[in-house]
1. Among the numbered criteria (1) within 20 Å of the chain's Cα centre (by Cα); (2) in contact (Cβ under 8 Å) with a residue 40 or more places away in the chain; (3) surrounded by fewer than 24 Cβ atoms within 10 Å (Cβ to Cβ), which one does SER197 miss?
2. Confirm whether VAL92 is free of Cβ contacts under 8 Å to residues at least 40 places away in the same chain, in contact with a strand residue (DSSP E or B) (Cβ under 7 Å, 6 or more places away or on another chain) and outside any helix (DSSP H, G or I).
3. Of the residues GLY234, GLY209, GLY251, only one is closer than 20 Å to MET8 by Cβ and touching a strand residue (DSSP E or B) at 6+ places or on another chain (Cβ under 9 Å); which?
4. Any chance segment 245-254 includes a residue that's of a type outside the set (Gly, Ala, Ser) and closer than 20 Å to ARG189 by Cβ?
5. Can you work out which of the residues in segment 294-338 that are acidic (Asp, Glu) and out of contact with any Ser or Thr (no Cβ under 7 Å at 6 or more places or on another chain) is nearest to TYR59 (Cα to Cα)?
6. So THR73 ticks every box in (1) surrounded by fewer than 21 Cβ atoms within 10 Å (Cβ to Cβ); (2) modelled with pLDDT of 95 or more; (3) in a helix (DSSP H, G or I) but one. Which box is left unticked?
7. I need the helices (runs of 4 or more DSSP H) fully contained in segment 173-237, keeping only those with at least 1 residues that are more than 14 Å from SER326 (Cβ to Cβ), of a type in the set (A, V, I, L, M) and at pLDDT 95 or above.
8. Restricting attention to segment 234-261, report how many residues are closer than 16 Å to TYR283 by Cβ and without any contact (Cβ under 8 Å) to a residue 12 or more places away in the chain.
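The values are calculated or read from the model by the stated rules, or taken from the named source; none is laboratory data. Treat the numbers as computed from the prediction; the structure is a model and nothing was measured. FYI the Cβ positions are ideal-geometry reconstructions off the backbone, even for glycines, and counts take in every protein chain you see.
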Amino acid sequence: MKVEEHYMFKEAVEGPSVVRRTLSECRGEVEAVADALRRAEVRRGFIVGSGTSFHASLYLQYLINKYTDLHFTAVPASEFKAWKPVKGRYVVIGFSQSGESSDVIEAVKEAKAAGVLTIGITNTPGSTLTKLADYSVVTRAGEEKAVTATKTFDVQLAASLMIVRAVAGGGLDDLTEAVKAAEQVIEARGRLRELASGLKSSESVYVLGRGATYPIALEFALKLKEAAMIHAEGFAVREFLHGPLQLVDEGTPVYLLLGSGEAFRESEVALKKIQGYKPAWVYVGPRAEGVEAYFKGSEVEFEGVEGDAAVLPVVKAAQLIAYYASVARGLNPDKPTKLTKVVKYESQTG
């Protein structure tokens, strides 16, 4: 199959359009969820997901704790039973693009049995998650055929921002601008393909993020594993100095994903330290003063949006770089040999 004919590519470039559709068509569902959270008698909860959906959980955790008086903890769905409090009341939000992920379904069933308010965020109407949850947001990405999730993650990010803005107040103009910035990234995909060619023989890649882009760093690392079979790890920028820096030498691929000029300035102490080891590094983020001093032509920059919504163009660059790296390494990104699209829930009764 020729480059750009795989489902992973086609679905990744659909991201901006399906985010627009979600923004337009999900407002009623989002308002219902926000109203339920406002009326809830408890102010704490858990957000559960698996794989890519767990990274969406981390993004929602960041937003909801930063902008509201609610306090949520993102937990891998498979760990929920071990993490949940023995006493007290809480809310559970579950992410599953298929609505059938076994660990997410089990976590929601556990919460339901305890009489806990449950909210599902899925891309699949009529799925098990929509039937179990008290409230649901069904995103509008349409069918996703590639095992490596792209557009469904985009709409999970959008739904998260929509929910928090509905709870805390505030418009969504920056989300609209972020969609346009994601389109800028897609239009510059020749540059992304060029950068990805540098990963053809890479054994390890390190991805750094800060704030809203920390979950995106984890997601980029996951995509490199899934699609390109590259060992990749994601870290918060300054945490990278606490041990992992030992693995960096001249030519080590290091990607920096940031959402604002402020985040870049806050990262400079760490960047100066990393720069001393001469990595082959790349910046992905909004145009910011000072970037060229470190990256010298290895930038993927966009304009028009900064802050929490900037995750959309950032993740679009990450998805496409992972795609092109897969193709460059002679792999089929649609069919990772050891993975399936859904780890499906099967009833233990009957």
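1. Failed condition: (1).
2. In short, no.
3. GLY234
4. Looking only at segment 245-254, we keep the residues that are of a type outside the set (Gly, Ala, Ser), and these are 245-250, 252-254.
Narrowing further to those that are closer than 20 Å to ARG189 by Cβ: 253.
There is at least one residue in segment 245-254 that is of a type outside the set (Gly, Ala, Ser) and closer than 20 Å to ARG189 by Cβ.
5. ASP308
6. (3)
7. Here the list reads 173-187, 214-228.
8. Number of matching residues: 0.
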